[in-house]
Amino acid sequence: MGHDRLFIKRDDMTGLGQGGNKTRSLEFLLGDALSKGANAVITAGGLQSNLCSLTAAACARYGLRCILVHNDDPPQMREGNMLLNAILGAEERFVGRTDEAARTAAMEDVAVSLRSRGERPYIIYNGASTPLGAMGYVSGAFELHRQCVDEGIPLKHVGMVGAMGGTAGGFVFGTAVLGHPFHVHVISVEYPKEVLLRLMKELFAGLADLTGVSPVMPPEEVMTIYDEYLGAGYAVPTELSRRTLLDLARTEGILIENVYTSKTLGGFGDLIRRGMVPAGEAACYVHTGGLGSLFAQNAML
């Protein structure tokens, strides 16, 4: 990519299931569930949801019943994360191709049914992009900063995915609390810039209320959001993202996937090539995982 000080934060190797960024969110959310005496966890997503698969893995680890609500029809064949969900023992409910509001209502219906039978369900809402879920990447920002200090790396730039806002929102908030040690380049893979900014501002307010901490500087000042790498929309690869996926695999032996990580790295690499991330300044791409879904994306190459 023409940058001799480019690092990768391997959050695809977080040690739970197939790894990925949602592990950090689940550390806080499942901790909350366990503290409240829950014996079942409900969450929702599409057929290849990384959150669903990692929630299934975390629930297996802690002996919790896991119910996954998918806003899609049952697949003809289990592949990718759907196969992992079955291996991990999750129960799955399919509610058809509905919107997020209907999907949330379906989760709540499941919870009502479980409570009527004496169970204690805990719902993970909004793809874990809640203030408590975002705490995982507040912690992640502190962790990366500490690692760079320990290793003597003067990190100046971080490339981060922007989807529903939880991962990027937590990381940016943590960076602001630290006093802006590096600038966060948020590559949107789902929403236009103005929508993602609104979602992240809501999370910033929620995190401030949750933690009682006021950042050293406004979180908006430590980041830049880019939506020019979104292409035709969510989960639709671009020529740049396809090329980035293959280049990284064939030069570094590191795998990324087509929905989140290849668009993020592709966009970050383009910023480097355009000089918006200077070659002489240390930069880090945060690899948020999602490997399971790659094995259902063969048609996207």
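Looking for something closer than 23 Å to residue 287 by Cα, without any contact (Cβ under 8 Å) to a residue 60 or more places away in the chain and touching a Gly at 6+ places or on another chain (Cβ under 8 Å) - is there at least one such residue anywhere in region 71-79? Spell out the reasoning first.
Step one: list which residues in region 71-79 are closer than 23 Å to residue 287 by Cα, which gives 79.
Within this subset, residues satisfying the condition of being without any contact (Cβ under 8 Å) to a residue 60 or more places away in the chain are none.
No, because not a single residue in region 71-79 is closer than 23 Å to residue 287 by Cα, without any contact (Cβ under 8 Å) to a residue 60 or more places away in the chain and touching a Gly at 6+ places or on another chain (Cβ under 8 Å).
Of these, 111, 56, which one is surrounded by fewer than 22 Cβ atoms within 10 Å (Cβ to Cβ) and outside the structural domain of residue 201 (by TED's automatic domain parsing)? Don't jump to the end; show me each part of the working.
Numbers: 56 fails: surrounded by fewer than 22 Cβ atoms within 10 Å (Cβ to Cβ).
Criteria check complete, one pass: 111.
Among 255, 210, which is over 22 Å from residue 7 (Cβ atoms) and in contact with a Leu (Cβ under 9 Å, 6 or more places away or on another chain)?
Values: 255 fails: over 22 Å from residue 7 (Cβ atoms).
Answer to the selection: 210.
I'd like to check something: does region 220-239 contain any residue that is within 15 Å of residue 170 (Cβ to Cβ), out of contact with any strand residue (DSSP E or B) (no Cβ under 9 Å at 6 or more places or on another chain) and either outside any loop (DSSP other than H, G, I, E, B) or touching a residue at least 40 places away in the same chain (Cβ under 8 Å) (or both)?
yes
For a quick check of your reading of the model, give me the residue pairs whose first member lies in region 18-39 and is among the aromatic types (Phe, Trp, Tyr), whose second is buried (at least 20 other Cβ atoms within 10 Å of the Cβ) and modelled with pLDDT of 95 or more, with beta-carbon atoms closer than 6 Å and at least 6 apart or on different chains.
Close Cβ pairs (under 6 Å, with a partner that is buried (at least 20 other Cβ atoms within 10 Å of the Cβ) and modelled with pLDDT of 95 or more) amount to 28/135; 28/136.
Under 6 Å by Cβ, and 6 or more places apart or on different chains, what pairs join a residue from region 145-163 that is over 22 Å from residue 22 (Cβ atoms) with one that is among the β-branched types (Val, Ile, Thr)?
Going by the 6 Å Cβ cut-off, the qualifying pairs are 157/277.
Quick check on my filter: what residues within region 145-174 are touching a strand residue (DSSP E or B) at 6+ places or on another chain (Cβ under 6 Å) and farther than 23 Å from residue 125 by Cβ?
Of everything in region 145-174, those that are touching a strand residue (DSSP E or B) at 6+ places or on another chain (Cβ under 6 Å) and farther than 23 Å from residue 125 by Cβ turn out to be 148, 153, 154, 155, 156, 157, 158, 159.
So that you can scan it fast, the table gives a plain yes or no per residue for (1) in contact with a Phe, Trp or Tyr (Cβ under 8 Å, 6 or more places away or on another chain); (2) farther than 22 Å from residue 157 by Cα:
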site: 238; (1), (2): yes, yes
site: 252; (1), (2): no, no
site: 274; (1), (2): no, no
site: 298; (1), (2): no, yes
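Does residue 212 meet the test of being of a type in the set (Gly, Ala, Ser) and touching a residue at least 12 places away in the same chain (Cβ under 8 Å)? Walk me through how you get there before you give the answer.
On the way: of a type in the set (Gly, Ala, Ser): yes; touching a residue at least 12 places away in the same chain (Cβ under 8 Å): no.
Here the answer is no, as residue 212 does not meet what is asked.
Taking region 44-57, which residues are closer than 15 Å to residue 292 by Cα and either part of a loop (DSSP other than H, G, I, E, B) or aliphatic (A, V, I, L, M) (or both)? So that I can check it myself, show each step before the final result.
Going through region 44-57, the residues closer than 15 Å to residue 292 by Cα turn out to be 45-57.
46, 47, 48, 49, 51, 54, 56, 57, listed by residue number.
Looking only at strands (runs of 3 or more DSSP E) that lie completely in region 109-197, which have at least 2 residues being within 28 Å of residue 229 (Cβ to Cβ) and modelled with pLDDT of 95 or more?
Of the strands (runs of 3 or more DSSP E) lying wholly inside region 109-197, those with at least 2 residues that are within 28 Å of residue 229 (Cβ to Cβ) and modelled with pLDDT of 95 or more span 155-162, 183-188.
Which condition number does residue 212 fail, the rest of (1) crowded, with 18+ Cβ neighbours inside 10 Å; (2) within 28 Å of residue 148 (Cα to Cα) being met?
Here residue 212 clears every test but (1).
The values are calculated or read from the model by the stated rules, or taken from the named source; none is laboratory data. Remember, predicted model here, so these are calculated numbers, not experimental data. We place every Cβ from the backbone using ideal geometry, glycine too, and count neighbours over all the protein chains shown.
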